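The values are calculated or read from the model by the stated rules, or taken from the named source; none is laboratory data. All values derive from a computational prediction rather than experimental measurement. Don't worry about glycine lacking a Cβ; one is built from the backbone with ideal geometry, like all the others, and counts go over all protein chains shown.
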Amino acid sequence: MGQNEMIFYIVAAGCMICLMIGIVRKPAYLLVLLLRGAFCAMIVYGISIVCMRKGITAPVNLNILSIGTGALLGLPGIIALYAAAVFLLQ
């Protein structure tokens with residue numbers, strides 16, 4: 001296991017612990033996460049459909065990581081995903 005992979009697992013575990021503490025303290029936060037994730041999934045899917053109709057390859061696909069980013073960060077997370085994808089493709 002490389003150093004980057006270990007750092008990733010440590011950060012992911014920390015995020016999961018923070019999420020669990022937040023959900024235990026305020027259970028309504030789970031509903032907020034689910035609704036925000038669904039909203040961001042619709043946005044990513046809509047952009048994918050528009051790109052497909054125009055014959056362009058969508059830079060971000062709908063998967064569990066994009067939904068998770070949208071659920072945690074909301075619309076700025078989706079914007080960051082697209083910005084990172086465009087930046088990496090150039």
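Can you tell me which of 23, 43, 47 is out of contact with any His (no Cβ under 8 Å at 6 or more places or on another chain), assigned to a helix (DSSP H, G or I) and modelled with pLDDT under 90?
23
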It is to be established whether one or more residues within the range 52-64 are within 9 Å of the chain's Cα centre (by Cα) and either outside any helix (DSSP H, G or I) or closer than 28 Å to residue 22 by Cα (or both). yes
When every residue in the range 46-61 that is surrounded by 14 or more Cβ atoms within 10 Å (Cβ to Cβ) and not small (Gly, Ala, Ser) is compared, the one farthest from residue 78 (Cα to Cα) is 51
